[in-house]
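To keep things clear, I will list the structure first and then write my remarks on it.
Values quoted throughout were computed directly from the atomic coordinates according to the rules given, and no laboratory measurement underlies them. These figures come from a predicted structure and were not determined experimentally. As a convention, Cβ positions derive from the backbone with ideal geometry for all residues, glycine included, and neighbour counts pool all protein chains shown.
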Amino acid sequence: MRVFVTGASGFVGSAVVRELLGAGHEVVGMVRSDEAAALLKEAGAEVHRGDLDDLDSLRAGAAASEGVIHTAYVHDFRDFAEAARTDLRAVETLGEALVDSGRPLLICSGTAFSPGVVATEDNPGDPEGSHMYRLASEAAVMRLAERGVRASVVRLPPSVHGEGDHGFVPRLVDIARAKGVAAYPGDGANRWAAAHRHDVARLFRLALESAPAGTRLHAVAEEGIPAREIAEVIGRGLGVPVASVSDAETNDHFGWLGRFFSLDLPASSAVTRERLGWQPVGVGLLSDLGAGHYFGSAEGGTGVS
């Protein structure tokens, strides 16, 4: 299958590209920079230049493909709502190019839509009443599934981890390094679901090949890891003490990440495993943290992936 992948140089997208190529698919990857284009060519994929604001480029890439995997996202933590609006426009543009074709469209979303309750694939979430802005893109996918697009959603857990991670966990490492303490909110019992990026990439491939239209899938290998255990491994890795911060201190200590790190965000993938035969095999988050590569740099990343 000839697959158009947005965000092809990103942390998740680049793993998806390698997974697809390894399974014999052709890949056309959308990138913005010359450096990313060179890496994509080296991997064996074709290059398509564009970004999420270039709707003509998105439309052309989708129209010339036999399937689309949309992993690009503007990771601007200062304005979640605007990032979600950009994503929604991109999803609608990609989908319009595939209407009545029966071709697959897969998008990324997240499992963090039901704090305090184990998120399941059968729960559509509430785009109007949730902090999870990306549910609007999910709703767009479900509408496309009724218009002749084999459209599906792959929800990612709060931590998709592995070497090269530039998401939330590296930011926690940076904060602990800067403040000299690996902290956790309250009693640290709140949980984050997690999965290794290679397991996530394999799920995208399986979904591309066989997921029915309107399917919601959870790329979750570990249902919920307590925040305190994450902090303890970070503390050992940096050689700093581990301590609790009160609810009142959470935002001051963690900045914009404080509210999110304090949420209880477990998620199940039981339906996904049964439906597609997906079985995660990658190392768990705590073991991945303990391997040491998360502590080799003082930089955390944002931007578009």
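Once the Cα gyration tensor of the range 112-203 is found, what semi-axes does its equivalent ellipsoid get, as square roots of 5 times the eigenvalues, in whole Å, sorted largest first? Provide the component values of the computation, followed by the final result.
On the way: eigenvalues 183, 59, 26 Å².
Square roots of five times the eigenvalues give 30, 17, 11 Å.
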Rg and Dmax in Å for the chain, alpha carbons only: what are they? 18.7, 58
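Given R₀ = 45 Å, what would the calculated FRET efficiency be for residue 2 paired with residue 270, taking r from the Cβ atoms and rounding to 0.05?
Result of the calculation: an efficiency of 0.85.
Where a ≥ b ≥ c are the square roots of the eigenvalues of the C-alpha gyration tensor, would you call the range 168-207 rounded, which needs a/c under 1.5, or, failing that, prolate if a/b is larger than b/c, or oblate?
Numbers: a/c = 5.93, a/b = 2.11, b/c = 2.82.
Judged from the Cα gyration tensor, the range 168-207 comes out oblate (a/c at least 1.5, b/c at or above a/b).
Average the reciprocal distances over every distinct pair of alpha-carbons in the range 27-157, invert the result, and give the Kirkwood radius in Å. Display every interim value, and only then the final one.
Details: mean 1/r = 0.0646 Å⁻¹.
One over the average 1/r among Cα pairs gives 15.5 Å for the range 27-157.
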